[in-house]
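J.: Okay, here's the structure, questions in a sec.
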Amino acid sequence: MNNDQVFLRINQLLVEQGKMQKDLIEHLGMERNTYTRWKRAENFSYRSHLMAISDFLQVPVAYLSGGKKGVTSGANTEGRETVILSEDERELLFSFRMAHPELQKAIMTIIRYGSLTI
């Protein structure tokens, strides 16, 4: 999903939920002109706010980025424990998923072995 489509999805959700752009702007603690630049595709900094936007709109970040609403990564959740992630854990997971595959590989090497050298 490209940047314009992500922003369109954000606006679609605002309309569907009867929420105002000014409420989102206030929730994010940003200036109105920043939102206007997003709207005009002059600035794509909203990507760094996707977690806060997903919280405000009560949808998964993955949905904002092109996923389907209500679909989890595991088709069968029966018998699985639900894990509540902290804000830091969610940010870490989101950042990992958005990272280039080579960076993901380096991060996993560090996690597994404690350094990049094995």
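The values are calculated or read from the model by the stated rules, or taken from the named source; none is laboratory data. Note that the structure is a prediction, hence the values are computed from the model and not measured. So basically every Cβ, Gly included, is an ideal-geometry build from the backbone, and we count neighbours across all protein chains shown.
J.: Let me spell it out: the conditions are (1) aliphatic (A, V, I, L, M); (2) on the phi > 0 side of the Ramachandran plot; (3) not in a loop (DSSP other than H, G, I, E, B), and Ala41 meets all of them except one. Which number is the exception?
T.: (3)
J.: With the condition kept exactly as written, say whether any residue in region 33-52 is surrounded by 15 or more Cβ atoms within 10 Å (Cβ to Cβ), within 15 Å of the chain's Cα centre (by Cα), of a type in the set (S, T, N, Q) and outside the structural domain of Glu91 (by TED's automatic domain parsing).
T.: Among the residues of region 33-52, not one is surrounded by 15 or more Cβ atoms within 10 Å (Cβ to Cβ), within 15 Å of the chain's Cα centre (by Cα), of a type in the set (S, T, N, Q) and outside the structural domain of Glu91 (by TED's automatic domain parsing), which makes the answer no.
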